[in-house]
Amino acid sequence: MSECEVMLSDVSLGEYISVPRFYAGADVFLTGGTGFMGKVLIEKLLRSCPDVGRIFVLMRSKRGKTPQTRVQDLTNNPLFEKLKRLNPSALSKLVPMYGDCMQLRLGMSPEDIQRLRNVSVVFHLAASVRFDDPLKDAILTNVLSTRELFELCLGMKALRAVVHVSTAYSNPEQTQVDERLYPAKADWRKMLDCALKFDTQILDILTDKVTDFAPNTYTFSKGLAEQVCRDYESQLPLVIFRPSIVVNTIEEPLVGWIDNLNGPSGMLLGAGTGIVRTDLMPTGNRANTIPADISIKALLLAAWRRGTTKHTPSQNHLPVYNSAVEHEHSWQFDKMIDCGKANMTKLCFSRLLWVPGGSTTTWRVKYYLMVLLLHILPAMLVDTLCWVCGKRPFLMKIQRKVFLAQASLRYFVYHQWNFETERFRSLRNGLQGDDIAAFSWHLTEERIDQFYYDCWMGVRRYLLNDPDESLPQANRKMRRLKLADRVVKAIFYALLAYWLWKSALLQSFETQLVRLGNR
């Protein structure tokens, strides 16, 4: 922490300002509230800071649903069951606000903007996390939304903290990522101007040229958004929060909760259902994954720290937090694969396409051959059978998505980063009293080992909606599939042996005919 930072307290009493007290009566504005991290943030804020004011959640009307309906859908998630038992009235503090992050003024009406004037804390989580977004869409979603939000924040008179959620990979060319801003690789104002003026096709032509240092439009646009923060740091109490790969919750409010297929959860689901059977992967590499609940605790503490810290008037200060784990707590791919293989047959999924199996490789020729033999040809066979039976073919479409997903993640699989986390870890150091139990965290090697198991069960429970009671039936299905797998393999090898034998006999016969002809 900078020397100019002094924790605010009641000066006369020297009183510690607890986290719940900081949020008590404070109105909060949240973008990205319907996303994975947004849900965890809302639940934790309502449960651990029960006296928080209103929580304004920016939402779009989606698939014919109004923002009010989407709030109800959001809180029907199992994630909120504990909150409903402890404090069901807290959900009434959620206030949906119609808007769109890809529009000017966030697509909000003047009346709704006026309702935000007394907001104290802002969390900007909204972002497009798709790696293959067109450059125009990525800039509008990740850069325009940031600028427009900051412009709205300038009118919030009670504002104490604005937390911009970036990504630990916003500077992918840096293998050592420190908790600081890096020099701009492009002018965000010019790039935003281009995105507003030109259509998607024109910007697609420029994508490779302007993003040559970045693996995709996501990391490029998130890096630009950090530069927007730099330009507003003297006007707003800003914080940049950089999560690494956010995965299942490790402890609260549910162990192993997950609601998306991004990162390792998608890999586990694909492998566990027998759909994904190969990947191009150096298994000795590691992925820096952080449990969602730990990252959200730190996110709330980052706003608390910013709002209870004063700075010298002559010095601007923009704290940057790398929300990542230490090297020894990151996920090693071979360990993750071994854990998956151990769980695949004893904690089976109810919906299995075939017996899970396969292997990874670092040899591209072998990988493409395995994709052909283990992904494409079986998918063609299954889809043909579906067509013959009058059902809709589906597997080739899934395998295409798998192939593209693996390709989009390959840069991150083959590269490794070291993240400085001193400032991030220091967030828990100043906690006192009940805040220690509610907002601190501690990772050990034993907890990480257990976490592999919990993540697998989380995929089963919350992505496939498989209740634990279905395990015996799923295990019986697995035994039947294993038998079918052995039969199919036996038939295949028998036919292969027969074909080789016939080929050898035919070749021997032809050789004899040639010899007789020569006589």
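Does A342 satisfy the condition of being under 26 Å from the mean Cα position of the chain (by Cα) and farther than 25 Å from Q406 by Cα? Before you say what the answer is, go through the steps one by one.
Details: under 26 Å from the mean Cα position of the chain (by Cα): yes; farther than 25 Å from Q406 by Cα: no.
Here the answer is no, as A342 does not meet what is asked.
Within the range 67-92, work out how many residues are part of a loop (DSSP other than H, G, I, E, B) and either in contact with a strand residue (DSSP E or B) (Cβ under 8 Å, 6 or more places away or on another chain) or touching a residue at least 60 places away in the same chain (Cβ under 8 Å) (or both). Lay out the reasoning, then the answer.
If we filter the range 67-92 for residues that are part of a loop (DSSP other than H, G, I, E, B), which is where we start, we get 76-77, 87.
Restricting the remaining residues to those that are either in contact with a strand residue (DSSP E or B) (Cβ under 8 Å, 6 or more places away or on another chain) or touching a residue at least 60 places away in the same chain (Cβ under 8 Å) (or both) gives 77.
Final tally of qualifying residues: 1.
Note down all Cβ pairs under 6 Å where the first residue falls in the range 256-274 and is buried (at least 20 other Cβ atoms within 10 Å of the Cβ), the second is among the acidic types (D, E), and they're at least six residues apart or on different chains.
G256/D454
Looking only at residues in the range 331-366 that are of a type in the set (F, W, Y) and closer than 22 Å to K489 by Cβ, which one is most open to solvent (accessible area, probe 1.4 Å)? Spell out how you get there, then give the answer.
At the first step, the residues of the range 331-366 found to be of a type in the set (F, W, Y) are 331, 333, 349, 354, 363.
Subsequent filtering for residues that are closer than 22 Å to K489 by Cβ retains 349, 354.
Values: F349: 1, W354: 79 Å².
The extreme case among them is W354.
If you take the residues of the range 26-43 that are open to solvent by 10 Å² or more (accessible area, probe 1.4 Å) and assigned to a helix (DSSP H, G or I), which of them is nearest to Q114 (Cα to Cα)?
First, pick out the residues of the range 26-43 that are open to solvent by 10 Å² or more (accessible area, probe 1.4 Å): 27, 32, 34-37, 39.
Checking which are assigned to a helix (DSSP H, G or I) leaves us with 36-37, 39.
Details: F36: 28, M37: 27, K39: 25 Å.
Checked the range 26-43; the qualifying residue nearest to Q114 (Cα to Cα) is K39.
With the condition kept exactly as written, say whether any residue in the range 330-338 is within 25 Å of the chain's Cα centre (by Cα), of a type outside the set (A, V, I, L, M, F, W, C) and assigned to a loop (DSSP other than H, G, I, E, B).
The first filter runs over the range 330-338 and keeps only residues within 25 Å of the chain's Cα centre (by Cα), leaving 330-338.
Narrowing further to those that are of a type outside the set (A, V, I, L, M, F, W, C): 330, 332, 334-335, 338.
Subset that is assigned to a loop (DSSP other than H, G, I, E, B): 330.
Yes: one or more hits.
Could you please find all residues in the range 244-255 being open to solvent by less than 10 Å² (accessible area, probe 1.4 Å) and not polar (S, T, N, Q)?
If the condition is that a residue be open to solvent by less than 10 Å² (accessible area, probe 1.4 Å) and not polar (S, T, N, Q), then V247 is the only one that fits.
Report the residue count in the range 136-181 for those that are over 26 Å from A287 (Cα atoms) and of a type outside the set (V, I, T).
So the count comes out to 20.
Quick one: would you say T249 is at pLDDT 90 or above and more than 22 Å from S18 (Cα to Cα)? First the steps, then the outcome.
On the way: at pLDDT 90 or above: yes; more than 22 Å from S18 (Cα to Cα): yes.
For T249, the condition - at pLDDT 90 or above and more than 22 Å from S18 (Cα to Cα) - is met.
Which members of the range 420-453 meet the condition of being farther than 12 Å from L301 by Cβ, modelled with pLDDT of 90 or more and touching an Asp or Glu at 6+ places or on another chain (Cβ under 9 Å)?
Just the residues of the range 420-453 that are farther than 12 Å from L301 by Cβ, to begin with: 420-422, 432-434, 437, 442-453.
The next check asks that each one be modelled with pLDDT of 90 or more; those that pass are 420-422, 432-434, 437.
Matches in the range 420-453: E420, T421, E422.
Does V239 meet the test of being closer than 30 Å to V355 by Cα and touching a residue at least 12 places away in the same chain (Cβ under 8 Å)?
Numbers: closer than 30 Å to V355 by Cα: no; touching a residue at least 12 places away in the same chain (Cβ under 8 Å): yes.
In short, no.
Go through the range 389-425 and give me each residue that's open to solvent by less than 70 Å² (accessible area, probe 1.4 Å), closer than 23 Å to W331 by Cβ and of a type in the set (A, V, I, L, M).
If the condition is that a residue be open to solvent by less than 70 Å² (accessible area, probe 1.4 Å), closer than 23 Å to W331 by Cβ and of a type in the set (A, V, I, L, M), then V402, A405, A407, L409, V413 are the ones that fit.
So, in the range 67-84, of the ones that are more than 22 Å from D100 (Cβ to Cβ) and basic (K, R), which residue ends up nearest to the chain's Cα centre (by Cα)?
K82
State all residues of the range 104-134 that are assigned to a loop (DSSP other than H, G, I, E, B), out of contact with any Lys or Arg (no Cβ under 8 Å at 6 or more places or on another chain) and in contact (Cβ under 8 Å) with a residue 24 or more places away in the chain; if no residue qualifies, say none.
Applying the first criterion (assigned to a loop (DSSP other than H, G, I, E, B)) to the range 104-134 yields 108-109, 116-118, 125-134.
Checking the rest, the ones that are also out of contact with any Lys or Arg (no Cβ under 8 Å at 6 or more places or on another chain) come to 108-109, 116, 125-126, 128-134.
Residues satisfying the conditions are M108, L116, L125, A126, S128, V129, R130, F131, D132, D133, P134.
Out of the residues in the range 121-140 that are open to solvent by less than 20 Å² (accessible area, probe 1.4 Å) and of a type outside the set (A, V, I, L, M, F, W, C), state the one that is modelled with the highest pLDDT.
The qualifying residue modelled with the highest pLDDT is H124.
Note down all Cβ pairs under 7 Å where the first residue falls in the range 180-193 and is closer than 11 Å to E226 by Cβ, the second is in a helix (DSSP H, G or I) and open to solvent by 30 Å² or more (accessible area, probe 1.4 Å), and they're at least six residues apart or on different chains.
L181/R230
Only one of (1) of a type outside the set (A, V, I, L, M, F, W, C); (2) open to solvent by less than 70 Å² (accessible area, probe 1.4 Å); (3) not in a helix (DSSP H, G or I) fails for D435. Which number is that?
The one condition D435 does not meet is (3).
Filter the range 438-470 for residues that are in a helix (DSSP H, G or I), surrounded by fewer than 16 Cβ atoms within 10 Å (Cβ to Cβ) and not charged (D, E, K, R) and give the result.
To start, the set of residues in the range 438-470 that are in a helix (DSSP H, G or I) comprises 438-439, 445-463, 468-470.
From what's left, surrounded by fewer than 16 Cβ atoms within 10 Å (Cβ to Cβ): 445-447, 449-450, 453, 468-469.
Passing the criteria: Q450, Y453.
Is it the case that some residue within the range 160-174 is over 17 Å from T31 (Cβ atoms), part of a loop (DSSP other than H, G, I, E, B) and β-branched (V, I, T)? Break it down into steps so the answer makes sense when it comes.
First, the residues of the range 160-174 that are over 17 Å from T31 (Cβ atoms): 160, 168-174.
Those left that are additionally part of a loop (DSSP other than H, G, I, E, B): 160, 168-174.
Adding the requirement that they be β-branched (V, I, T) leaves none.
Scanning the range 160-174 turns up no residue that is over 17 Å from T31 (Cβ atoms), part of a loop (DSSP other than H, G, I, E, B) and β-branched (V, I, T).
Any idea how many residues of the range 70-92 are among the aliphatic types (A, V, I, L, M) and open to solvent by 80 Å² or more (accessible area, probe 1.4 Å)? Before the answer, list the steps.
First, the residues of the range 70-92 that are among the aliphatic types (A, V, I, L, M): 71, 74, 79, 83, 86, 90-91.
Narrowing further to those that are open to solvent by 80 Å² or more (accessible area, probe 1.4 Å): 86.
Total satisfying the criteria: 1.
Name the one entry in K197, K185, K190 that is charged (D, E, K, R) and farther than 20 Å from C101 by Cα. Show your work before the answer.
Details: K197 fails: farther than 20 Å from C101 by Cα; K190 fails: farther than 20 Å from C101 by Cα.
Exactly one of K197, K185, K190 is charged (D, E, K, R) and farther than 20 Å from C101 by Cα, namely K185.
For L395, only one of the following conditions fails: (1) out of contact with any Asp or Glu (no Cβ under 6 Å at 6 or more places or on another chain); (2) closer than 16 Å to A271 by Cα. What is its number?
(1)
L318 fails exactly one of the following numbered conditions: (1) open to solvent by 10 Å² or more (accessible area, probe 1.4 Å); (2) modelled with pLDDT of 90 or more; (3) out of contact with any strand residue (DSSP E or B) (no Cβ under 9 Å at 6 or more places or on another chain). What is the number of that condition?
Against the list (1) open to solvent by 10 Å² or more (accessible area, probe 1.4 Å); (2) modelled with pLDDT of 90 or more; (3) out of contact with any strand residue (DSSP E or B) (no Cβ under 9 Å at 6 or more places or on another chain), L318 comes up short only on (3).
If I filter the range 205-243 down to residues being under 25 Å from the mean Cα position of the chain (by Cα) and assigned to a loop (DSSP other than H, G, I, E, B), which single residue comes out as surrounded by the most Cβ atoms within 10 Å (Cβ to Cβ)?
It comes out as A214.
The values are calculated or read from the model by the stated rules, or taken from the named source; none is laboratory data. Note that the coordinates shown come from a computational prediction; the quantities given were computed from them, not determined experimentally. Counting neighbours? That spans all protein chains shown, and the Cβs are built from the backbone with ideal geometry, glycine included. Keep in mind that these areas ignore ligands, DNA and RNA; they rest on the heavy atoms of the full protein, side chains included. Shrake-Rupley method; radii C 1.70, N 1.55, O 1.52, S 1.80 Å.
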